[in-house]
Every structure is written in structure tokens, then in C-alpha cells.
1. How many residues are crowded, with 17+ Cβ neighbours inside 10 Å, in a strand (DSSP E or B) and in contact with an Asp or Glu (Cβ under 6 Å, 6 or more places away or on another chain) if we restrict to segment 161-180?
2. Give me the pairs, please: first residue somewhere in segment 136-149 and free of Cβ contacts under 8 Å to residues at least 60 places away in the same chain and buried (at least 18 other Cβ atoms within 10 Å of the Cβ), second residue anywhere and part of a helix (DSSP H, G or I) and among the acidic types (Asp, Glu), beta-carbon distance under 9 Å, and either six or more positions apart or on two chains.
3. Which of the residues belonging to segment 82-116 are under 19 Å from the mean Cα position of the chain (by Cα) and under 15 Å from Leu142 (Cα atoms)?
4. Among the β-branched types (Val, Ile, Thr), in the same structural domain as Gly227 (by TED's automatic domain parsing) and more than 17 Å from Phe111 (Cβ to Cβ): does that describe Val175?
5. Test Leu126 against the stated conditions and say whether it is free of Cβ contacts under 8 Å to residues at least 60 places away in the same chain and in contact with an Asp or Glu (Cβ under 8 Å, 6 or more places away or on another chain).
Amino acid sequence: MVDSFYLIIVSILAVACAALAWYLFHRLSAAKKEIRMLQNKLDKPEVIVADVAEHAVKYKLDPHLLKNALNAIQSHAYQSYYALDKLSNVLDYILYESDTQFVPLKDEIAFAQNLIEINRLKVSPLFDLHVRKKISDGHENLLIAPLITINPIENAFKHADVQSESSFISVIFEVAEGRFLLSVSNKIQPQTAYTPTAKGGLGNAAYKARLDQLYGSDYSLQTKTVGDVYHVKLEIRLHDAD
């Protein structure tokens with residue numbers, strides 16, 4: 001995931017720089033051509049006045065086009081900084097905070113939200129990515145196993161058609177009666193075999209084995225497909241913070 005993220009950022013910057021270089025090269029060539037034309041007209045004073053006025057307007061407008069190109073690059077740079085900040089938070093959580101058996105629920109959800117924001121970079125601007133948190137302050141310090149939310153969320157981004165305007169991903173975090181509920185839904189890509197037993201899917205033995213080991217009968221994992229929408233509902237009984 002990290003390699004893919006850096007590849008996206010480098011590709012965006014490379015394309016922006018190439019576009020700017022192409023624009024400057026062609027503007028320089030055009031400017032040279034126009035200078036030669038003006039030199040040929042030096043013996044025609046009546047033409048020079050009109051040409052000077054016309055070129056003055058042209059060269060007054062061109063810097064605005066250049067500024068737009070620079071603004072586009074600046075925008076990509078801001079997105080890169082934003083995404084790198086989220087990635088830094090994810091890595092900090094994985095390296096330094098998830099080596100205990102349980103963590104506060106608020107930390108696990110913050111990790112999941114950072115992961116979602118990183119993945120948001122690769123989706124279409126018109127893609128419907130819906131994230132909702134319904135957790136009261138009194139429940140945020142209840143304890144949950146670290147990295148337990150990553151599997152359903154990553155699978156949603158893996159199997160959804162993130163470039164389609166009609167596609168979507170919905171992620172809902174909530175707590176009810178001491179139980180944490182994670183609901184993830186996504187529209188499946190056409191011709192995608194997406195089942196709980198697919199390789200890398202939610203039927204993945206390692207993921208279920210971890211849930212069994214940590215929670216035994218204190219959790220449930222439900223998956224179903226309705227039409228072209230895949231639904232996952234993970235429910236876990238949370239531990240008190242004492």
C-alpha cells in the first residue's frame with residue numbers, strides 16, 4: 001500500500017512538471033517567432049502600433065496561464081503533504097501504539113480514519129465515500145484490539161470501482177450497549193468474484209483466527225451480498241478501561 005501511495009504522488013508531480021516544461025517551451029518558441037515577425041515589420045510604422053497593442057494584451061494574459069499551472073502544482077503539493085501527514089500517523093500507530101493487546105477505541109478509530117483518508121487519494125472526486133462515527137465521549141476510552149478494523153476497510157477499497165461515479169463505499173463506526181459495531185458496504189466492480197472465502201477477503205483464515213483468539217464468543221462477523229453491494233458487519237464486545 002505504501003509503495004502504491006508513493007507511486008501515485010511521484011506520478012502526479014512528474015506529470016505536472018512535464019506539463020509546465022512543455023508549456024514554457026512552446027511559449028518560448030512562439031515568442032521567438034513573433035519577435036521575428038515584428039522585426040520584419042520595422043519598416044512599416046503604421047503596422048507596428050497595432051501589433052504592439054495586440055502583443056501587449058497577449059503577454060499580459062499569458063502570466064495568468066502560468067500562474068494557473070503553478071497553482072495546480074501547489075494543489076498537488078498540498079495533497080501530498082496532507083496524505084504524508086496521515087501516513088505518518090498510521091505508521092506511528094502501527095509501530096508504537098499497536099504492540100499492546102488492547103488500545104482505546106478512539107485510537108483505533110483515528111487509525112482507521114487516517115487509513116481512509118490515504119485511500120481517498122485514489123478515488124474519483126465524484127466517488128461517494130461516506131464515513132460516519134456515532135460514538136459518545138463516554139465510550140471512546142473503552143478498549144479494543146489494535147488493527148482490528150483494517151481488514152474490512154481495505155477490502156472495500158480493493159473491490160470497489162473507485163473511479164466510477166455510480167460506485168460507493170460506506171463506513172460506519174458506532175457503539176451500542178458496550179459493543180462496537182463496524183459496518184462497511186461497497187458496490188462491487190462488475191465481473192468481480194467477491195465472496196467471504198476469496199483470497200485476501202474477509203473469510204481469510206488469519207483474520208478470523210485472530211478474532212477467535214481475542215474475543216471467542218464475544219464477537220460476530222456477518223457478510224452478505226445484496227445485488228451488486230457487499231455488506232460487512234463486525235460486532236465486538238468492548239473491554240472496560242480499568
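The values are calculated or read from the model by the stated rules, or taken from the named source; none is laboratory data. Note that the structure is predicted; figures quoted are calculated from it, not measured. Ideal geometry is used to build each Cβ from the backbone, glycine not excepted, and the neighbour counts take in all protein chains shown.
1. 1
2. From segment 136-149, the pairs are Pro146/Glu97; Pro146/Asp107; Pro146/Glu108.
3. Residues satisfying the conditions are Glu108, Ile109, Ala110.
4. no
5. Yes, satisfied.
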